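Asks: Provided herewith is a single structure, encoded as structure tokens, for subsequent inquiry.
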2 protein chains.
Amino acid sequence: MTDTLQPLAPGATIGILGGGQLGRMLATAAARLGFHAHVYDPDPAAPARETALHHTAAPYDDEAALRRFAGAVDVVTYEFENIPPAALDAIERLAPIRPSRRSLVITRDRLKEKAFLEESGLAVAPHAPVEDMATLEEAVRRIGLPAILKTRELGYDGKGQARITTPEELAPCWEAVGRVPAVLEAVVPFEKEISVVIARGGDGTTAAFDPAENLHEGGILRLSKVPAAIAPDLADRARAMAARVAEALGHVGVLAVEMFVTQSGLVVNEIAPRVHNSGHWTEAVCPIDQFEQHIRAIAGWPLGRGERIADAEMVNLLGEEVLEAPRLSRDPHLRIHLYGKSEIRPDRKMGHHTRIVPWSRG
Amino acid sequence: MTDTLQPLAPGATIGILGGGQLGRMLATAAARLGFHAHVYDPDPAAPARETALHHTAAPYDDEAALRRFAGAVDVVTYEFENIPPAALDAIERLAPIRPSRRSLVITRDRLKEKAFLEESGLAVAPHAPVEDMATLEEAVRRIGLPAILKTRELGYDGKGQARITTPEELAPCWEAVGRVPAVLEAVVPFEKEISVVIARGGDGTTAAFDPAENLHEGGILRLSKVPAAIAPDLADRARAMAARVAEALGHVGVLAVEMFVTQSGLVVNEIAPRVHNSGHWTEAVCPIDQFEQHIRAIAGWPLGRGERIADAEMVNLLGEEVLEAPRLSRDPHLRIHLYGKSEIRPDRKMGHHTRIVPWSRG
């Protein structure tokens, strides 16, 4: 599947659905290539408004606002996968959406995503669909315990998930996820978590960044580092799997594939059709980072190669940890990046820092 | 001289006088540290408006606008040295200006700047003041020909300069620079041009980036590369000279010192009390670049060390060269940076690119 996009010239405007930190970093990358960014986000204080030329502050069901937005931009992209389909309908008549809706439709639904991955020949955790208590009990019989119940849609950062350890927990867990369509997943015993951030251009070329080794705490990414402590052939295989996902989706833009390293090989945990927290280290050590790769891909520009020029370790600043930034700034090897969010909430992603470990000179 | 600045907390607002590419990159660096940027520039389409949260589009003699601006920010800095003193007067009553006015007063006038450098024990080109044709003739008798006539104020990118080779050219050159107070400078035979970009904090600490080797064409910077092909002790001496300048000015922020490498040692050409075109490579290969160093200094944060993690060569994109950007993007080792200027004029700085030469892994 190829999408022979006419390259956008500097001066064109890139529309971004979602004005959080990912939209903010996409807008900055767009500006650096001479594009203007127009962010759409219901929050008048959305972090991305700060680094974008234009900001439409309107809800995702405001059709008139969506049409004005789409009419004012040359291409529309997004920082999150849970965009209401009706909003996409309104936009699509006026501006191309990249990555395409296929990438969104598959990745916003855990069950569709797993089916897609299996059809693409990639291993996923044993899982079963859950519609009600009866199908949940049936799923537990098939998958066994412990297992994790996850909503099919709208989950992120550990939200919409409940771990089931004993049969007594079935009912409270079903309540906890909100009695909505869900998937029961086996707990995969893994040695490590890794992720590959990859870009695919409209011409079908792909360029992957090095796999990052990730550490989650409470369902939220805490740390990503490169290089991952894995064998070179496993890194190659992870990259190839990410390329297969991008290819099978016909994806144009950046996507991230999270994987478990298990005794029996790599198991895909989930995919995100966008720039990803586990790729934030790229801004510190890559000549062309994940944000610029995404803008290049959707603008029809040639992709960078995903090269890096140093080792790196990225750590998220959650909630009140952001208040440590001035103290952290004493360490001259940390590159600090804050998102300009005024309201601190527990576990809210407020910023990150990347420790840069230079290679040796000459 | 020290300026014990209370560190600004993220969420504070940094005012920037001047909304060109330097203001734009300063605003981006400020946002990355969680500060808000407020740009003041008469041009409603100033490049920096795009990456700053606030933009006041008003002339530099609009006292009411200046007061509103100064009242809305926590500190004021600037991207250029030719700010009308009356504008600074209006601001200074409401917000601190960093770097201080001393840095501006000395560097906006070539004659004062040279006197300051000589008092600081640094070598400058033989020169003499010019007020009219009589003093110009007198200056030529002292300095000899060829020589360069430069206006004392408001010169940049080779503007306000005329090269005098023969006595017949005196009158036309005096016309060419506009018959305003000027300096006649001897032409210094140099082997190379270098510059040092250095930051000085309010606590008096300094951190210099590696000297860059520069190439000018028609008075405009064409190329800067690191490392400069000079002996290590000369590089150390250049750094020490830049530190002496920063110290003697009591400068808080980044400044740049341009020097000639001559047979008799280093001769200072000029100083700029701000981030500088010959330091643009730092954004590509330094964990903390010149723009962030400047923001850190004026915000009272600790400085980075000026370290870099790769070699680099920065080339300016002038005028229509910017149209080459999509073609240049095919080279995956170039980091492209455009300024979002819609109007292309001959020799206008439209962007730059930096070729990154990685060090070896492990």
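Asks: Report yes if A:LEU66 is modelled with pLDDT of 95 or more and not charged (D, E, K, R), otherwise no.
Replies: So A:LEU66 passes the test.
Asks: Report yes if some residue within the range A:44-60 is away from chain B (no Cβ under 14 Å), touching a residue at least 24 places away in the same chain (Cβ under 8 Å) and surrounded by fewer than 24 Cβ atoms within 10 Å (Cβ to Cβ); otherwise report no.
Replies: So far as the range A:44-60 goes, yes, one or more of its residues are away from chain B (no Cβ under 14 Å), touching a residue at least 24 places away in the same chain (Cβ under 8 Å) and surrounded by fewer than 24 Cβ atoms within 10 Å (Cβ to Cβ).
Asks: How many of the residues making up the range A:61-86 are over 20 Å from A:GLY253 (Cα atoms) and either of a type in the set (S, T, N, Q) or surrounded by 14 or more Cβ atoms within 10 Å (Cβ to Cβ) (or both)?
Replies: Qualifying residue count for the region: 8.
Asks: Which is of a type in the set (Asp, Glu), without any contact (Cβ under 8 Å) to a residue 40 or more places away in the chain and surrounded by fewer than 20 Cβ atoms within 10 Å (Cβ to Cβ), of B:GLU153, B:GLU137, B:GLU131?
Replies: B:GLU137 is the lone residue from the list that is of a type in the set (Asp, Glu), without any contact (Cβ under 8 Å) to a residue 40 or more places away in the chain and surrounded by fewer than 20 Cβ atoms within 10 Å (Cβ to Cβ).
Asks: Quickly run through the range A:339-362 and pick out the residues that are under 17 Å from A:MET314 (Cβ atoms) and among the polar types (S, T, N, Q).
Replies: Matches in the range A:339-362: A:THR354 only.
Asks: While we're looking at this one, here's another question. Checking B:MET314 against (1) touching a helix residue (DSSP H, G or I) at 6+ places or on another chain (Cβ under 9 Å); (2) within 11 Å of another protein chain (Cβ to nearest Cβ); (3) touching a residue at least 24 places away in the same chain (Cβ under 8 Å), only one condition comes out false. Which one?
Replies: Of everything listed in (1) touching a helix residue (DSSP H, G or I) at 6+ places or on another chain (Cβ under 9 Å); (2) within 11 Å of another protein chain (Cβ to nearest Cβ); (3) touching a residue at least 24 places away in the same chain (Cβ under 8 Å), B:MET314 misses just condition (2).
Asks: Still on this structure: I need the helices (runs of 4 or more DSSP H) fully contained in the range A:99-210, keeping only those with at least 3 residues that are of a type in the set (Asp, Glu).
Replies: Qualifying helices (runs of 4 or more DSSP H): A:110-119.
Asks: Looking at the range A:249-271, which of its residues are among the hydrophobic types (A, V, I, L, M, F, W, C) and assigned to a loop (DSSP other than H, G, I, E, B)?
Replies: A:VAL252, the sole residue that qualifies.
Asks: Can you work out which of the residues in the range A:25-43 that are in contact with a Phe, Trp or Tyr (Cβ under 6 Å, 6 or more places away or on another chain) and either under 12 Å from A:GLY15 (Cα atoms) or aromatic (Phe, Trp, Tyr) (or both) is nearest to the other protein chains (Cβ to nearest Cβ)?
Replies: Applying the filter and picking the extreme gives A:LEU26.
Asks: So, A:ARG355, is that one more than 7 Å from chain B (Cβ to nearest Cβ), crowded, with 16+ Cβ neighbours inside 10 Å and not aliphatic (A, V, I, L, M) or not?
Replies: When the stated conditions are applied, A:ARG355 passes them.
Asks: Return the residues of the range B:102-128 that are surrounded by 19 or more Cβ atoms within 10 Å (Cβ to Cβ) and polar (S, T, N, Q); say none if nothing qualifies.
Replies: Listed by number, the residues that qualify are B:SER103, B:THR107.
Asks: Out of A:PHE209, A:PHE260, report the one residue that is of a type in the set (Phe, Trp, Tyr), surrounded by fewer than 24 Cβ atoms within 10 Å (Cβ to Cβ) and touching a strand residue (DSSP E or B) at 6+ places or on another chain (Cβ under 6 Å).
Replies: A:PHE260 is the lone residue from the list that is of a type in the set (Phe, Trp, Tyr), surrounded by fewer than 24 Cβ atoms within 10 Å (Cβ to Cβ) and touching a strand residue (DSSP E or B) at 6+ places or on another chain (Cβ under 6 Å).
Asks: Tell me which of these B:TYR339 doesn't satisfy, since it passes every other one: (1) of a type in the set (Ser, Thr, Tyr); (2) modelled with pLDDT of 95 or more; (3) touching a Phe, Trp or Tyr at 6+ places or on another chain (Cβ under 7 Å).
Replies: (3)
Asks: I've got another one for you. Taking the conditions exactly as written (out of contact with any helix residue (DSSP H, G or I) (no Cβ under 9 Å at 6 or more places or on another chain) and within 26 Å of A:GLY218 (Cα to Cα)), does A:GLU131 satisfy them or not?
Replies: The answer is yes for A:GLU131.
Asks: Find the residue count for the range A:212-222, including only residues that are surrounded by fewer than 17 Cβ atoms within 10 Å (Cβ to Cβ), touching a residue at least 12 places away in the same chain (Cβ under 8 Å) and outside any loop (DSSP other than H, G, I, E, B).
Replies: Matching residues across the range A:212-222 total 4.
Asks: Checking the condition in a loop (DSSP other than H, G, I, E, B) and touching a Leu at 6+ places or on another chain (Cβ under 8 Å), which residue from B:ARG237, B:ARG274, B:ARG305 passes?
Replies: B:ARG274
Asks: Report, ordered by the first and then the second residue, all pairs with beta carbons closer than 9 Å, sequence separation of six or more or different chains, a first member in the range A:322-349 that is within 10 Å of another protein chain (Cβ to nearest Cβ), and a second member that is of a type in the set (Lys, Arg) and assigned to a strand (DSSP E or B).
Replies: A:ASP331/A:ARG355; A:HIS333/A:ARG355; A:LEU334/A:ARG355; A:ARG335/A:ARG355; A:TYR339/A:LYS349; A:LYS341/A:LYS349
Asks: Going residue by residue through the range A:289-307, is there one that turns out to be among the basic types (Lys, Arg), out of contact with any helix residue (DSSP H, G or I) (no Cβ under 8 Å at 6 or more places or on another chain) and within 13 Å of A:VAL197 (Cα to Cα)?
Replies: Within the range A:289-307 (the criterion being among the basic types (Lys, Arg), out of contact with any helix residue (DSSP H, G or I) (no Cβ under 8 Å at 6 or more places or on another chain) and within 13 Å of A:VAL197 (Cα to Cα)), the answer is yes, since at least one residue qualifies.
Asks: I need a count of the residues in the range A:277-311 that are of a type in the set (A, V, I, L, M, F, W, C) and within 10 Å of chain B (Cβ to nearest Cβ).
Replies: Count: 9.
Asks: Can B:PRO172 be described as more than 24 Å from B:LEU104 (Cβ to Cβ) and touching a strand residue (DSSP E or B) at 6+ places or on another chain (Cβ under 7 Å)?
Replies: In short, no.
Asks: Can you name the condition, by its number, that B:ALA246 falls short on among (1) touching a residue at least 60 places away in the same chain (Cβ under 8 Å); (2) under 26 Å from B:LYS112 (Cα atoms)?
Replies: (1)
Asks: Within 14 Å of another protein chain (Cβ to nearest Cβ), of a type in the set (A, V, I, L, M, F, W, C) and within 17 Å of the chain's Cα centre (by Cα) - does that describe any residue in the range A:261-276?
Replies: No - not one qualifying residue is present in the range A:261-276.
Asks: Please find, within the range A:310-341, the residue that is surrounded by the most Cβ atoms within 10 Å (Cβ to Cβ) out of those that are part of a loop (DSSP other than H, G, I, E, B) and under 23 Å from the mean Cα position of the chain (by Cα).
Replies: A:GLY340
The values are calculated or read from the model by the stated rules, or taken from the named source; none is laboratory data. Keep in mind that this is a model prediction, so the values were computed, not measured. Here the Cβ is made from the backbone with ideal geometry for all residues, glycine too, and neighbour counts use every protein chain on show.
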